[in-house]
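Rule-based calculations on the coordinates, nothing more; no lab input. All values reported here derive from a predicted model rather than from experimental measurement. All Cβ positions, even for glycine, are placed from backbone atoms using ideal geometry, and neighbour counts span all protein chains on display.
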Amino acid sequence: QVQLVESGGGLVQAGGSLRLSCAASGRTFNNYAMGWFRQAPGKEREWVAAISYTGSSTFYTGSVRGRFTISKDNAKNMVYLQMNSLKPEDTAVYYCAAAPSVSALRSVGAVNYWGQGTQVTVSS
């Protein structure tokens, strides 16, 4: 069992930065690939970024590549999403997720565990 709790969301102006954190509990945390999804009002939840269970490989959806950075601290059971050069279209609820593999993290239906979400609002 893995429990995920996000923090770090908020309101920021376009061009600004935010750092999301995800605290994970459970002895099997290090066995999971971790990722971030987001869901804007009226839209489906979409995958944003993923990191392998070792932290050695990272992957991003095209719209955030070069602006967002995912990282993982296995010793602290933490996952982070550094978001720079934020745009109004990045406004959404951001969810931390855990799955058995990075490939599984590309699909909402294949995620094993979800956090409760944290709101990110980017004003223009």
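Computed over segment 28-95, the range of Cα coordinates on each principal axis works out to 35, 23, 18 Å, biggest value leading. Out of Val48, Leu11, Thr118, whose Cα points farthest toward the positive end of the dipole of the chain (charges: +1 Lys, Arg; -1 Asp, Glu; placed on Cβ)? Most positive-ward Cα: Val48. Label-to-label distance for Glu44 and Ser17 is 3.3 nm, based on points extended 7 Å past Cα in the beta-carbon direction.
Note on the chain: with charges restricted to the Cβ of Lys and Arg (+1) and Asp and Glu (-1), its dipole about the Cα centre is near 140 debye. Summing charges over all other residues whose Cβ lies under 13 Å from the Cβ of Leu86, with Lys and Arg as +1 and Asp and Glu as -1, gives +2. With semi-axes defined as the square roots of five times the eigenvalues of the C-alpha gyration tensor, the equivalent ellipsoid of segment 1-43 measures 26, 13, 9 Å, largest first.
Can you tally the net charge around Trp114? Count Lys and Arg as +1, Asp and Glu as -1, for every other residue whose Cβ sits under 13 Å from the Cβ of Trp114. Neighbour charge sum, excluding Trp114 itself: +1. Working from the Cα coordinates of the chain, the gyration tensor eigenvalues give, after taking √(5λ), semi-axes of 22, 14, 13 Å in decreasing order.
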